[in-house]
Amino acid sequence: MKLPPYADLLGLVAEPGDGGPPVLMMPYADGVMGRPGFLHGGAIGGLLEMAAIVALHHALFEDGGGQIKPINVTVDFMRGGREKETRAIGSVTRLGNRVANVEAQAWQDARDRPIAAARMNYLIVRP
């Protein structure tokens, strides 16, 4: 799957998943730095959004396709992202005919210690 243009701005790289959506990796760079030594919250939020979009497109591809439009996004920041690679993956929790609910988590050292999580709702327009 081709990533959206914003993913290029963040430097995101898709790593193979385990049969599901890919894990997105964001390398640390000056462009994603917030206060010295930490990631900018907007970059973390962008990574989470891209992971959710990739997961939703993956699920829609298997379910007949469709266009998406974000309804709302809620991001919970749990700890500061440091100067290292950050990974995120999305998970579709509900895929209806008109609305999808998606969650995403971002981590650095260990997947079971997320630095941020998001819940997003999308409107789906089916072909």
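Near I124, once Lys and Arg are set to +1 and Asp and Glu to -1 for all other residues with Cβ below 10 Å from its Cβ, the sum equals +2. Its DSSP H runs of at least 4 residues, each contributing -39,500 (n - 2.57), put the calculated 222 nm mean residue ellipticity of the chain at -7000 deg cm²/dmol, to the nearest 500. For the chain, the relative contact order works out to 26 percent when only alpha carbon pairs closer than 8 Å and six or more residues apart are counted.
Note on the chain: Cα-Cα pairs beyond 23 Å make up 27% of the total pair count.
For M78, the accessible area of its heavy atoms, probed at 1.4 Å with every protein chain present, is near 100 square angstrom. To the nearest 10 degrees, how steep is helix 41-62 against the longest Cα principal axis of the chain, on a 0 to 90 scale? Taking Cα atoms only, the helix is inclined about 30 degrees. Protection proxy ranking of 59-72, 97-110, by the mean of other Cβ atoms within 10 Å over each peptide's residues and highest first, is 97-110, 59-72.
Taking Cβ atoms as reference points and 12 Å as the exclusive limit, the residues near M25 contribute a net charge of 0, counting Lys and Arg as +1 and Asp and Glu as -1.
The values are calculated or read from the model by the stated rules, or taken from the named source; none is laboratory data. Only a predicted model underlies this, so the values are computations on that prediction, with no experimental measurement involved. All Cβ positions, glycine included, derive from the backbone under ideal geometry; neighbour counts span all protein chains shown. Each accessible area value is taken on the protein alone, full model and side chains, heavy atoms only, with ligands, DNA and RNA left out. Shrake-Rupley method; radii C 1.70, N 1.55, O 1.52, S 1.80 Å.
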